[in-house]
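Take a look at this one; I'll ask things after.
The values are calculated or read from the model by the stated rules, or taken from the named source; none is laboratory data. Nothing here was measured: the structure is a model prediction, and the numbers come from that model. Please note: Cβ atoms are built from the backbone with ideal geometry, for glycine as well, and neighbour counts cover all protein chains shown. The protein model used for the area step is the full one, side chains on, heavy atoms only, and it has no ligands, DNA or RNA in it. Shrake-Rupley method; radii C 1.70, N 1.55, O 1.52, S 1.80 Å.
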Amino acid sequence: MYFIANWKMFGDIKSLNSINNVIKFSKLSKNKKFKLIYCPPYTLLNTFYKKIQNSKIILGAQNCHHEESSGPYTGSISSKMLKKIGVKYVIIGHSENRSTGETDDDINKKIKSSIKNNLNIIFCFGETLKQKRKKDTNRVLIRQISRALKGVKKKDRILFAYEPIWSIGTGLIPKSKDLSQTINFVKNKLKNNFRLKFPKVLYGGSVNSNNIQKLKEIKIIDGFLIGGASQKSKNFIDIVKKTFI
Ligand code: PEP
């Protein structure tokens, strides 16, 4: 199981103190069945990396530029730069970036450049409320996945994070039956159409320490991408603990 903390544009040096509890928790836990990945903002990556040495926490970033090494792209960070400072995972295709202009083509290039730099990818995809109401979810998801994976080799480096846009930051989660069907649909497509033997499909969208009881019943989910609830270490630890109780 993967538990991925996406801090978004939150957090400063002081917030790093809260990670001490997570480091302690991960060291004491005898359970080897989970991976903890933290994606703080760029400004904290370096300090974060030093802090988590000798712990089970893995470092991730929240985005990268599609150019794989360097270039005249003011304000951007490449996958090579991330790799060099100890980042292992990068979130690509988050709806908050799609909504400000990131295209399927950008996402495809970012995935390719990240793979070239030996990063693992947390690829986000999901439908809007309007698309869901029109019963268009499956078609939208397949379109996003196909465009993102066009010409991509080493697809096994990708974690697929299903994040319905209407669920992110709203407190709403899909009905268990719907979520189970969607995850199943995506997994089957990844196996049959994209030749992935063991695709990992995660869920993200308003996961918290209360609704995790319900979400964990959907056994085909391989992990969770957690935004708001990951900013307090207690909430994050509770989510991990409750998943295995
Ligand atoms: C996210 O940003 O990927 C996310 C799932 O956010 P939240 O948990 O706050 O809905």
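All but one of (1) away from the ligand (no atom under 16 Å from the Cβ); (2) touching a Lys or Arg at 6+ places or on another chain (Cβ under 7 Å); (3) of a type in the set (S, T, N, Q) hold for residue 192, so report the exception by its number.
(2)
Another question about this same structure. Exactly one of (1) touching a helix residue (DSSP H, G or I) at 6+ places or on another chain (Cβ under 6 Å); (2) in a loop (DSSP other than H, G, I, E, B); (3) more than 15 Å from the ligand (Cβ to nearest atom) is unmet by residue 140. Its number?
Of the numbered conditions (1) touching a helix residue (DSSP H, G or I) at 6+ places or on another chain (Cβ under 6 Å); (2) in a loop (DSSP other than H, G, I, E, B); (3) more than 15 Å from the ligand (Cβ to nearest atom), the odd one out for residue 140 is (2).
May I ask you to list the residues in segment 101-111 that are of a type outside the set (A, V, I, L, M) and surrounded by 21 or more Cβ atoms within 10 Å (Cβ to Cβ)?
Within segment 101-111, the first condition is being of a type outside the set (A, V, I, L, M), and the residues that meet it are 101-106, 108-110.
Across segment 101-111, the qualifying residue is only 110.
Could you tell me which of the residues 165, 183 is closer than 16 Å to residue 139 by Cα, open to solvent by 40 Å² or more (accessible area, probe 1.4 Å) and within 16 Å of the ligand (Cβ to nearest atom)? Quick ask: steps written out before the conclusion?
On the way: 183 fails: open to solvent by 40 Å² or more (accessible area, probe 1.4 Å).
Result of the check over 165, 183: 165.
Is segment 25-47 home to any residue that is away from the ligand (no atom under 16 Å from the Cβ), at pLDDT 95 or above, of a type in the set (D, E, K, R) and more than 25 Å from residue 222 (Cβ to Cβ)?
no
Somewhere in segment 207-228, is a residue near the ligand (Cβ under 10 Å from one of its atoms) and at positive phi?
First, pick out the residues of segment 207-228 that are near the ligand (Cβ under 10 Å from one of its atoms): 207-208, 224-228.
Of the ones still in play, those that are also at positive phi are none.
No, segment 207-228 contains no residue that is near the ligand (Cβ under 10 Å from one of its atoms) and at positive phi.
Turning to a different aspect of this structure: Scan segment 1-49 residue by residue and report those that are over 21 Å from residue 224 (Cα atoms) and of a type in the set (Val, Ile, Thr).
Those that are over 21 Å from residue 224 (Cα atoms) and of a type in the set (Val, Ile, Thr): 13, 43, 47.
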